[in-house]
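See structure below.
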Amino acid sequence: MKAFLFLAVIGLAAFFIACQSHQNSPIQSAKADTISPIIQPVFITDTVAHDTDDPAIWINPADPAQSLIIGTDKDQDGGLYVFDLQGKLQKDKSVTGLKRPDNVDIEYGLMLEGKPTDIAVTTERFTHKLRIYSVPDMKPIDNGGIEVFVGETGENVRDLMGIALYKNKSGKIYAIVGRKSGPTNGTYLWQYALEDNGKGQVKASLVRKFGKYSGLKEIEAIAVDDQLGYVYYSDEGKGVRKYYADPEKGDEELALFATNGFTEDHEGISIYQLTDSTGYILVSDQGANSFQLFPREGTAGKPHGHPLLRKVTVKASHSDGSEVVSVPLNAQFRNGLFVVMSDDKTFHLYRWEDIAGGYLKATK
């Protein structure tokens, strides 16, 4: 899951953002015990063949209204399904025949043959490979797939699940990958540098192993905040863990939050940006059909303190993966788009202002 939106979208998006009111604090009235009425989506996507799991959003730099939603169909004969902003399936771009793709994420500007290329990366569980596609044409650029967790042995320890992409300030792109099961010695996640193999295809080099794991359930949802340089992941039976995304900054755990008040699993994580440093972290409470929201910037004097701000209940059922962007896209999504997986083979598209309600800021 991509935690952070594409900020340098170009003039059109920048113009809309500049025209909106700009405020200093993201919190208007924090009522952590308030659960909203059920929020209805603006659109529901066409159905996939088997089982939706995780979405990503690609922002079109030339025309944000032509942005795309890419979602996984989690099955042994699964795929990546591509939708427009009304939830209509784009058959010519969708990819089928994948071996249980689980999560998907997007990053912008990977240099291939000297040209910046936007990429979508999904985890193919049954082959233990990353599958990588150029966006928006959805052409494979992985030379048949990239094996990860090579050398690991044991049940489910190479069965891929979560994926988040991180682009550092110098433009280097990494994939942070999770799996169905793994060790409790602080090496559950593996991080790979993605680069051109010299032939216009992507190669991956392992740069670190990190991440605590409680051993209670599993780790799937991973999200990265490119701007602030943090990675978050759901230790499903425990809470949300926070680390530096840059391997050069070490493997210290910076926070463990969202440890209480979840009815089932901690699932999808997504990040809504208000300013360069403020916004919200949204975490799916799967069994309650709801999301819990936490301050992206932490609290005064405690940048790694993330108290609960608000709970919202959505129409989507038993939601696993989610994604959010705050770039204005079109008339329906002037303050951004929140996409949520539902267990009826669809993804639900929500306006940010409906998620924010009267409790959180709905505009930049």
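Observations, loosely collected:
- Here VAL177 fulfils each of the conditions (1) under 16 Å from the mean Cα position of the chain (by Cα); (2) part of a loop (DSSP other than H, G, I, E, B) apart from (2).
- Subset of region 285-313 that is in contact with a helix residue (DSSP H, G or I) (Cβ under 9 Å, 6 or more places away or on another chain) and buried (at least 22 other Cβ atoms within 10 Å of the Cβ) - its residue that is nearest to THR263 (Cα to Cα): PHE291
- Residues that are under 24 Å from GLU323 (Cα atoms) and in a strand (DSSP E or B) within region 180-195 comprise LEU189, TRP190, GLN191, TYR192, ALA193, LEU194, listed in sequence order.
- Subset of region 241-252 that is free of Cβ contacts under 8 Å to residues at least 60 places away in the same chain and touching a strand residue (DSSP E or B) at 6+ places or on another chain (Cβ under 6 Å) - its residue that is farthest from PHE291 (Cα to Cα): TYR243
- Within the option set ALA316, ALA331, being surrounded by 24 or more Cβ atoms within 10 Å (Cβ to Cβ), modelled with pLDDT of 95 or more and in a loop (DSSP other than H, G, I, E, B) holds for one residue only, ALA316.
- Qualifying residue in region 62-72 (condition: assigned to a strand (DSSP E or B), in contact with an Asp or Glu (Cβ under 8 Å, 6 or more places away or on another chain), at pLDDT 50 or above and surrounded by fewer than 17 Cβ atoms within 10 Å (Cβ to Cβ)): no
- Taking residues in region 293-310 that are under 21 Å from GLY357 (Cβ atoms), and partners anywhere that are basic (Lys, Arg) and assigned to a loop (DSSP other than H, G, I, E, B), the pairs with Cβ atoms closer than 7 Å and at least 6 places apart or on different chains are ARG310/LYS31.
- Filtering region 196-237 to residues that are part of a strand (DSSP E or B), among the acidic types (Asp, Glu) and touching a residue at least 60 places away in the same chain (Cβ under 8 Å) leaves ASP196, GLU220, ASP225.
- Qualifying residue in region 100-116 (condition: more than 21 Å from the chain's Cα centre (by Cα), part of a strand (DSSP E or B) and either touching a residue at least 60 places away in the same chain (Cβ under 8 Å) or within 26 Å of LEU160 (Cα to Cα) (or both)): yes
- Residue ID - surrounded by the fewest Cβ atoms within 10 Å (Cβ to Cβ), chosen from residues in region 92-124 that are under 19 Å from ILE222 (Cβ atoms) and touching a helix residue (DSSP H, G or I) at 6+ places or on another chain (Cβ under 6 Å): ARG100
- Hey, GLU267 under 21 Å from TYR233 (Cβ atoms), surrounded by 21 or more Cβ atoms within 10 Å (Cβ to Cβ) and modelled with pLDDT of 95 or more or not: no
- Filter result for THR34 (at pLDDT 95 or above and either closer than 24 Å to GLU267 by Cβ or surrounded by fewer than 21 Cβ atoms within 10 Å (Cβ to Cβ) (or both)): no
- Long-range neighbours under 8 Å by Cβ, at least six apart or interchain, first residue farther than 14 Å from PRO55 by Cβ and of a type in the set (S, T, N, Q) within region 328-357, second assigned to a strand (DSSP E or B) and modelled with pLDDT of 95 or more: GLN332/PHE43; GLN332/ARG351; ASN335/ARG351
The values are calculated or read from the model by the stated rules, or taken from the named source; none is laboratory data. This structure is a prediction, so every number in the text was calculated from the model and none was measured. Note that each Cβ is placed from the backbone with ideal geometry, even for glycine, and that neighbours are counted across all protein chains shown.
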